[in-house]
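Participant: One structure, as structure tokens, below. Some questions next.
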Amino acid sequence: MSQISHILNEFEDFAKSVYAPEFPVLLHRPVFAGNEKTYLNECIDSNFVSSVGAKVTEFEQKIAAFTGAKYAIATVNGTAALHVALKLAGVGRDDEVISQPLTFIATCNAVSYIGALPVFVDVDQSSLGMSYDAVKTFLYEHAELRNGVAYNKTSGRRLSACVPMHTFGQPCDIVSIVAVCKDYNIPVVEDAAESLGSYINEQHSGTFGLMGILSFNGNKIITTGGGGMIITNDADLAERAKYITTTAKIPHPFEYVHDEVGYNYRLPNLNAALGCAQMEQLDYFIMRKRELALQYESFFSKSKIAFINEPKGCVSNYWLNALQFDSLNQRNEFLQHTNANGVMTRPIWRLMNHLDMFKHCQNDGLPNATWLEERIVNIPSSVPVASTKEKTKNTS
Ligand SMILES: *Cc1c(COP(=O)(O)O)cnc(C)c1O
């Protein structure tokens with residue numbers, strides 16, 4: 001018997017009971033329990049399904065109000081939002097962007113679209129997000145200011161942005177990271193794709209840096225099918241973001257005149273309609289997810305498996321619940337057993353610096369990320385449809 005075998009069946013039964021009658025139990029499926037169909041029909045009935053329509057503006061306003069950001073600009077997906085945010089932050093070809101190795105590929109892809117290179121600093125073991133100490137040490141050892149512009153002394157390249165990511169919705173130490181980047185005039189673009197509904201000192205994630213981005217992909221806490229958002233408090237950046245994500249067209253009653261190479265990154269009205277309906281349920285989704293996290297925490301408290309909790313002073317949306325195992329063997333045993341028995345679980349991403357495209361990029365040794373890569377697993381985290389209490393009520 002291995003150290004965790006006694007808990008495997010019990011965990012699978014627990015997950016199945018939370019999600020019954022859903023089987024197999026998925027990692028994260030969407031919930032459409034509100035006005036989704038009504039708003040979609042409104043779009044179809046009005047013919048506004050595509051690049052023009054009132055739902056996009058409405059969705060942007062809902063996101064701005066929810067996050068407390070002054071401006072929100074909808075995009076076709078989160079990767080596109082990050083691509084444009086980095087461009088507007090001033091990232092150019094052959095620049096370097098400070099990034100973390102433990103993230104979804106989109107973060108590094110967006111850097112690559114510009115022709116810039118990620119440099120990888122380590123993450124914190126507790127938050128799984130970018131480590132303030134690692135950023136500070138990297139900048140101290142490698143950065144120098146030339147006429148107020150940060151350069152990497154080792155590579156000679158400009159350090160033109162830093163992109164911390166709030167992993168699985170757990171906020172990273174963003175306040176300190178923004179402060180140390182400010183010392184080097186490096187703008188921060190927060191990859192808050194996973195952290196809609198997560199807060200640091202009661203301020204919404206994604207609103208600490210120059211800009212933040214969100215994703216509404218099918219597996220995120222709310223979904224528009226596909227979609228993303230840039231959030232910022234800067235009026236000029238917001239205006240620029242809207243302009244270049246909508247083909248950089250000069251407003252005119254009938255002429256097509258574009259004065260720079262823009263992008264067709266706008267969110268279709270249909271997708272925005274879905275977003276408006278999802279936003280009406282977001283508070284409920286977060287409440288249910290936080291309830292579920294408490295249940296998981298209490299379940300695993302009697303085992304040797306650690307449940308990843310929100311950092312002090314932070315509120316997490318618990319988008320994806322995560323466990324930390326003692327070893328790679330334990331992790332693999334858990335993954336094999338649960339997936340074979342209808343409970344979907346997944347390991348954390350392969351480190352970006354292990355992928356062919358980013359192998360050559362500078363990194364700081366990454367001891368924590370390397371350690372976590374072998375130990376972190378995500379467990380089913382969809383919004384449970386009815387609470388356990390409601391279920392017992394229904395069956396009694
Ligand atoms: C989901 C996600 C994105 C954006 O993904 P899209 O599918 O393009 O919306 C970016 N970064 C992270 C960390 C993500 O999880």
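The values are calculated or read from the model by the stated rules, or taken from the named source; none is laboratory data. Computed from a predicted model, the values in this text were never measured in an experiment. Cβ coordinates were reconstructed from backbone atoms using ideal geometry, including for glycine residues, and neighbour counts include every protein chain displayed. Just the protein is used for accessible areas: all its heavy atoms, side chains included, with ligands, DNA and RNA removed. Shrake-Rupley method; radii C 1.70, N 1.55, O 1.52, S 1.80 Å.
Participant: Quickly run through the range 247-278 and pick out the residues that are farther than 18 Å from H28 by Cβ, among the aliphatic types (A, V, I, L, M) and open to solvent by 20 Å² or more (accessible area, probe 1.4 Å).
Facilitator: I250, V257, V261, L270
Participant: Got a sec? Which of L102, L26 is farther than 30 Å from P251 by Cβ, open to solvent by 60 Å² or more (accessible area, probe 1.4 Å) and modelled with pLDDT of 95 or more?
Facilitator: Answer to the selection: L26.
Participant: Does N201 satisfy the criteria of being under 30 Å from Y184 (Cβ atoms), touching a residue at least 60 places away in the same chain (Cβ under 8 Å), away from the ligand (no atom under 16 Å from the Cβ) and out of contact with any Ser or Thr (no Cβ under 9 Å at 6 or more places or on another chain)?
Facilitator: Criteria met by N201.
Participant: Another question, then. Looking at this structure, is A72 under 18 Å from the mean Cα position of the chain (by Cα), within 16 Å of the ligand (Cβ to nearest atom) and not in a loop (DSSP other than H, G, I, E, B)?
Facilitator: yes
Participant: Right, here's the next one. Please indicate, with yes or no, whether at least one residue in the range 157-176 is more than 28 Å from the chain's Cα centre (by Cα) and open to solvent by 10 Å² or more (accessible area, probe 1.4 Å).
Facilitator: no
Participant: From (1) of a type outside the set (G, A, S); (2) assigned to a helix (DSSP H, G or I); (3) within 11 Å of the ligand (Cβ to nearest atom), pick out the condition that doesn't hold for E141.
Facilitator: (3)
Participant: Which ones in the range 75-88 are of a type outside the set (V, I, T) and within 16 Å of the ligand (Cβ to nearest atom)?
Facilitator: N77, G78, A80, A81, L82, H83, A85, L86, K87
Yes/no per residue for (1) aliphatic (A, V, I, L, M); (2) within 16 Å of the ligand (Cβ to nearest atom); (3) in contact (Cβ under 8 Å) with a residue 12 or more places away in the chain:
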position	(1), (2), (3)
R158	no, no, yes
A161	yes, yes, yes
I186	yes, no, yes
S205	no, yes, yes
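Participant: Being outside the structural domain of Q170 (by TED's automatic domain parsing), under 19 Å from Q125 (Cβ atoms) and of a type outside the set (D, E, K, R) narrows it down to one residue among F307, F285; which is it?
Facilitator: F307
Participant: Quick one: how many residues across the range 214-271 are in contact (Cβ under 8 Å) with a residue 40 or more places away in the chain, small (G, A, S) and more than 14 Å from the ligand (Cβ to nearest atom)?
Facilitator: Counting residues in the range 214-271 that are in contact (Cβ under 8 Å) with a residue 40 or more places away in the chain, small (G, A, S) and more than 14 Å from the ligand (Cβ to nearest atom) gives 3.
Participant: All but one of (1) open to solvent by 20 Å² or more (accessible area, probe 1.4 Å); (2) more than 10 Å from the ligand (Cβ to nearest atom) hold for M211; state the number of the condition that does not hold.
Facilitator: Checking M211 against (1) open to solvent by 20 Å² or more (accessible area, probe 1.4 Å); (2) more than 10 Å from the ligand (Cβ to nearest atom), the one that fails is (1).
Participant: Is the range 283-290 home to any residue that is at negative phi and touching a helix residue (DSSP H, G or I) at 6+ places or on another chain (Cβ under 7 Å)?
Facilitator: no
Participant: I need a count of the residues in the range 153-200 that are out of contact with any Cys (no Cβ under 8 Å at 6 or more places or on another chain) and either of a type outside the set (D, E) or not assigned by TED's automatic domain parsing to the domain that holds S126 (or both).
Facilitator: 28
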